[in-house]
Every structure is written in structure tokens, then in C-alpha cells.
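*Asks:* The structure's right below; bear with me while I get my questions together.
Read-outs throughout are calculated quantities, based only on the coordinates presented, and are distinct from any laboratory measurement. Computed from a predicted structure; not experimentally measured. With ideal geometry, Cβ positions are generated from the backbone for all residues, glycine too; neighbour counts draw on all protein chains shown.
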Amino acid sequence: MRDFDVLIVGAGVVGATMASLLVARKLAAPGRVAIVAERFAPAYPMPESEWDLRVFALSRASQRLLKVSGAWANLPSDKMAAYERMRVWDARGEPRGRGSLGFDCAELGEPNLGFIVEGRALQHQTLRAAVAAGVVCIEAAVAGVAVGESGVRVSLGDGRELGSQLLIAADGTASRTRELLRFETAGHAYHQDALVAHVRTARPHERTAWQRFLPTGPLAFLPLPDGRSSIVWSMARAEAARLRALDAAAFGAALTSASGEVLGCCELTTPVASFPLKLQYALDYVGPRAVLLGDAAHAVHPLAGQGLNLGLLDCAALTEVLSEGGAAGFFGEHKLLRRYERSRRSENLLAAAALDGLERLFSGDDPLRMRMAGLGLVDRVPFIKRQLAERALGLTGDLPGFLRGEAGASGLKADRLSRRR
Ligand SMILES: Cc1cc2nc3c(=O)[nH]c(=O)nc-3n(C[C@H](O)[C@H](O)[C@H](O)COP(=O)(O)OP(=O)(O)OC[C@H]3O[C@@H](n4cnc5c(N)ncnc54)[C@H](O)[C@@H]3O)c2cc1C
């Protein structure tokens, strides 16, 4: 049986980042942290010149965390784009007028509002950083978990056994490890799919993330560095299936119409992928010698691109809490783990509820006036607007010290953030 300080199941961005942080923050020595995953290769191979269909809008807090973990510096510059503005509007309003809300990095004293990063590049570099830090990668399926007084024993599908002081489940929404550990979840399906594709538009995206709330669901255009935009278009499952069956020209025409022609004619340049959407949250985040992280703990509607950002903040909070515990040996300390649960569960539930509320408010035809007035009102009240912007940048709440106040990197002053704590 091989023995580790921390065993992480799941080699997604969250699992890989957590593994790197444990070594980077000197909580565990190289060779003492392992990631177990059924597969480490990218989900689907493609030529380097192609773009993965999955892209992530990453907040400032995520950027800082990925710098600490060692992944940020190696992200290829042609697979990421800073976005400087955001425009959100109701289908009956106008993108820059009535019923709209806008954010501009210049108004906030920020260099940008965040980055759009290609999924495959992010996945690759987070895992590479983990391997470079000395994290052990074990390709196998988890078959069983036995929690004891002094540690956890994990049996793998190929018959091997691993021992660890702490087991972290970062194996996504359908986490098998969460199931084996008997954590309960709650939530509901949205009965919606998100269609994802990259499109060329007649007008330039102006480094702006555009989001139009249609009665059928939100439609977002995220700016890519090659001038195209990545769309995330959520709608009822049957309608999503109908649109996916259209040929490229008909899909482009439907998209152009749904976007209110904000960027002119849209031309589809990739296949269209589809993701089922649900709200799901674990009732507990920690158990004896076990922790849930990322989508294994919470899955939210993608309308504000927050899921991964929340998962990375989980990594930051767990790292902070474990640092307070001191050296290895404290990894399984339940009181310590509960601190992580307290800080992240409430933040994540708040975000999930806010996104769920937005989805409900904007879907359907009523109450149209209220939602249009709401967006316009927020746009005109600088205090609320700033609060929203800070939240989107990931710079609010109980941020760990090592993510606060990176000198010179943010116009949102470090001392103001510290005072709020
Ligand atoms: C359409 C869409 C758009 C989105 N856009 C954004 C965005 O712009 N910004 C943002 O922050 N978030 C976004 N999200 C949310 C984001 O995708 C997730 O929150 C994020 O991928 C969660 O990362 P994770 O590492 O926790 O889980 P996952 O990415 O699901 O990774 C889990 C890993 O565990 C592995 N695994 C699964 N089961 C097992 C097992 N039994 N044994 C071993 N390994 C296993 C998987 O192979 C995978 O590698 C979006 C979501 C959707 C659906």
C-alpha cells in the first residue's frame, strides 16, 4: 500500500490546482500528494491550432491563485484573452441603453475584468504545474473508500490500495468519491442545456463579454483573441436539440436573431456542444478525513461563468485553513476542516442562490418591467455596481491572505479589502 499525506480524486482544474497549492504553500513535501484520475489525457485530442470548445471566464482571484499554483505563467498567450467590458441587457431593452447594465475596467481602475481561457490549455497547464511540483499522478478508478481513526484507505479498480491522512473529492458534479463517502446533495435540474460553440461575427467584439437575457434563457458571447466569440446559449432541452440539428447557416441565422444582432451576422465556425444544467449542492463539505471541492461540492448555472471560479476559491480557502494547522499531521483535523466548510458553504450557496434567482427572474415574460428597471437601476447606482463588479472579480468575501492585495495588480485597493475583513 502506498501512503500519502493528501489524496485528491479528480484531475480537473480544481483537483490539479489544489494539489499544486499544497506543495507550493509548503503544506506537503513533493511526493506526498497524489491525484487519482481515471484519465489524465485531454478529453478529446485536436490540432494545436484549433480551439477547445470549452472556455472559462476567469476572475482576478482565480488569476492570482493560478499564479501561486504555478500554472498561470505557462498559459499560451494565443489561448487566452483579457476582457475589458461587460454588457448585460434584457431582450426587450438595448445593449447600451434602456434595461442594460455595463461594466468597464477603466471605470473600476482595473487593467481588465478577467480572462477568457481555453479549457484544454488551462487543464493541461494546471496538471503540468502539479507534476512539476512533485505531485504523483495515479491513473485508476476509485473503487472503495474506508475511513479510519488515523487515515483513509482508498482501493482502486485495479486492486491497488492507497493510504492517506486526508481524501479530497474533486471529481466533478457526478462525484463517485462523494457517493462512496455518503455525502448527501440537494438541488434541482434546470431542464435546460447550454449550447457552446465559437462564432465569427460581422462586428468586432470590442474585448467585451456580451450577455442578453432572453425569455428562453441567457445568451453570452465571450471574446476570443482571434476575433471570434465563444457562445454559451442556455435554453430548454427540446429547443437545444432542435437548434443542434440545424445546419451551420440556419444555426447562424437563429443566433444572429437571438443576439438582437448586437455583433451583426453570426457565422458558426465549430461544431455545437451541449451541456445539461443543474443546481446541485452538497449538504456537508467535510466529513471525517474527507473534503469536497469544486463541482463535487456545488454546481451552479453557468450564466455568470462562476462555477470554476468558486471551485478555485474553495482551493484557496482549504489551503489557508490547512496552513493554519501547521505541518502535516493536521491534515485530518476535523475542527480545521470545518472552518473550510463554514467559509465556503455559505459563499457558494449565496452565489448559487443569486444565479438561480437571476435565471428565474429573466426567464419567462414576467415581470418584464421589474427586471428591465432592475438592470437600469443597478447601472445608475455606483455603490451597488461596484459591489457587483468586485464580486465578479472574486475580490469580495473572506479571501485568504495570499490572494489579497497583490501589489500594483489591482486598483481595488488592498487596504480597503483588508479593512473589510
Ligand atoms: C457551458 C458551461 C460553461 C461554463 N463556463 C464557466 C466559466 O466561464 N467560468 C467558470 O468559472 N466556470 C464555468 N463553468 C463551470 C465549470 O465548468 C465547472 O465549475 C468546473 O469545470 C468544475 O471543475 P472541477 O475540477 O471541480 O470539475 P470537473 O471539471 O468536472 O473535473 C472533474 C475531474 O474528475 C474526473 N473524474 C470524474 N469522475 C472520476 C472518478 N470516478 N475517478 C477519477 N476521476 C474522476 C474527471 O475526468 C475530471 O477530470 C461552466 C460550465 C458549463 C456547463
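*Asks:* Between R2 and R207, what is 0.36 nm times their sequence separation minus the Cα-Cα distance? Round to one decimal in nm.
*Replies:* Values: separation 205, 0.36 × 205 = 73.80 nm, distance 4.88 nm.
Between R2 and R207, full extension yields an extra 68.9 nm.
*Asks:* Report for region 1-122 the percent antiparallel among DSSP-assigned beta bridges with both residues inside it, nearest 5.
*Replies:* In region 1-122, approximately 75 percent of DSSP beta bridges are antiparallel ones.
*Asks:* Averaged over all directions, how much area does the convex hull of the C-alpha atoms of region 236-281 cover when projected, in nm²?
*Replies:* Details: hull surface 16.6 nm².
The orientation-averaged projected area of the Cα hull of region 236-281 comes to 4.2 nm².
*Asks:* Could you pull out every one of the aspartates and glutamates with an alpha carbon less than 13 Å from that of K67, ignoring same-chain neighbours closer than 8 positions?
*Replies:* Candidates past the 8-residue exclusion: E406.
*Asks:* Ok, one more. Run the paramagnetic zone check for K278: 7 angstrom along Cα to Cβ, then residues of region 1-18 with backbone nitrogen under 13 Å.
*Replies:* none
*Asks:* If you place +1 on the Cβ of every Lys and Arg and -1 on the Cβ of every Asp and Glu, how big does the dipole about the Cα centre of the chain come out, in debye to the nearest 20?
*Replies:* Details: 51 positive and 45 negative charges, 193 e Å.
Computed charge dipole of the chain: roughly 920 debye.
*Asks:* On the principal axes of its Cα set, how long, how wide and how thick is region 135-282? Give whole Å, largest value first.
*Replies:* 62, 32, 26
*Asks:* For the chain, build the charge dipole from Cβ charges (+1 Lys, Arg; -1 Asp, Glu) around the Cα centre, then report which of V262, A248, G109 sits farthest towards its positive end.
*Replies:* Value: G109.
*Asks:* Efficiency by 1/(1 + (r/R0)^6): what FRET value for L349 and E38, r their Cβ-Cβ distance, R0 = 25 Å, to the nearest 0.05?
*Replies:* Details: r = 29 Å, r/R0 = 1.18.
Working from the Cβ atoms, E equals 0.25.
*Asks:* Could you give the spread of the C-alpha atoms of region 132-195 along their three principal axes, from largest to smallest, in whole angstroms?
*Replies:* The Cα atoms of region 132-195 stretch 41, 32, 23 Å along their principal axes.
*Asks:* Another question, if that's okay. Antiparallel versus total DSSP beta bridges in the chain: what percent is that, nearest 5?
*Replies:* On the way: 57 of 81 bridges.
In the chain, approximately 70 percent of DSSP beta bridges are antiparallel ones.
*Asks:* What is the Å³ per residue value for the convex hull set by the Cα atoms of region 1-97?
*Replies:* Values: hull volume 16.5 nm³, N = 97.
Residue-normalised Cα hull volume stands at 170 Å³.
*Asks:* Springs between alpha-carbon pairs under 10 angstrom, Gaussian network model over the chain: which of G305, G151, G357 fluctuates most?
*Replies:* Among G305, G151, G357, the largest mean-square fluctuation in the Gaussian network model of the chain belongs to G357.
*Asks:* What order do you get for M1, M80, M86 when you list them from fewest to most C-beta neighbours inside 10 Å? Please report the intermediate quantities before stating the final value.
*Replies:* Details: M1 9, M80 19, M86 23.
The fewest-first ordering by Cβ neighbours comes to M1, M80, M86.
*Asks:* OK, next. What ranking of S346, S274, S164, S20 emerges when the number of other C-beta atoms within 10 Å of each C-beta is taken as an exposure proxy, fewest first?
*Replies:* On the way: S346 12, S274 15, S164 25, S20 30.
The order, fewest Cβ neighbours first, is S346, S274, S164, S20.
*Asks:* If each residue of separation counts as 0.36 nm, what is the full-extension length gain between R244 and R342 once their alpha-carbon separation is subtracted? Don't skip to the answer; put the middle values down first.
*Replies:* Details: separation 98, 0.36 × 98 = 35.28 nm, distance 4.16 nm.
Net length gain for the segment: 31.1 nm.
*Asks:* Related question: Please check: in the Gaussian network model of the chain (C-alpha springs, under 10 Å), which one of S259, S229, S150 has the largest mean-square fluctuation.
*Replies:* S150
*Asks:* Additional query: Quick one: length gained pulling A143 to Q387 fully straight, 0.36 nm per residue minus the C-alpha distance? Can you show the working numbers first?
*Replies:* Numbers: separation 244, 0.36 × 244 = 87.84 nm, distance 4.47 nm.
Residue separation times 0.36 nm, minus the Cα-Cα distance, leaves 83.4 nm.
*Asks:* Could you tell me the largest-minus-smallest coordinate of the C-alpha atoms of the chain on each of the three principal axes, in descending order and whole angstroms?
*Replies:* 61, 50, 39
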